[in-house]
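S.K.: Mind having a look at this structure? Questions to follow.
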């Protein structure tokens, strides 16, 4: 999640665990929608307790314009999208213990993930 790279697939498994050793308090990636109408973000694993010190946000960017809604994600969510939209998936580390043991599955017809 916090290392550079890219992936292109209809299904992507995102493992946030390694972000615990990443020095910055924020790391994010972009999902560019190439085709498809719905983006599903499903929790496979999470710290599962209050005060874990982290949270995940998903921001929908419509047609390249940043703005859209921000969802605090615990559990799962589904977002309606169109080709040309993008999603910013951000992991925030707020306070110790900054537990990043999240794993999410992303499903859509075709996406390209860019990690930064």
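We did not get these values from a lab; they are worked out from the coordinates using the rules stated. Keep in mind the model is a prediction, meaning the values are calculated, not measured. Don't worry about glycine lacking a Cβ; one is built from the backbone with ideal geometry, like all the others, and counts go over all protein chains shown.
S.K.: Rounded, prolate or oblate for the range 4-62? Axes are the square roots of the Cα gyration tensor eigenvalues, ordered a ≥ b ≥ c, and the cut-off for rounded is a/c under 1.5.
M.R.: Prolate is the answer for the range 4-62, as a/c is 1.5 or above and a/b outweighs b/c.
S.K.: Would you mind ranking 80, 99, 15 so that the residue whose beta carbon has the fewest other beta carbons within 10 Å leads the list?
M.R.: Ordered by Cβ neighbours within 10 Å, fewest first: 80, 15, 99.
S.K.: Give me the number: length gained by fully extending residue 90 to residue 62, i.e. 0.36 nm times residue separation minus the C-alpha to C-alpha distance, one decimal in nm.
M.R.: Values: separation 28, 0.36 × 28 = 10.08 nm, distance 1.69 nm.
Full extension from residue 90 to residue 62 adds 8.4 nm.
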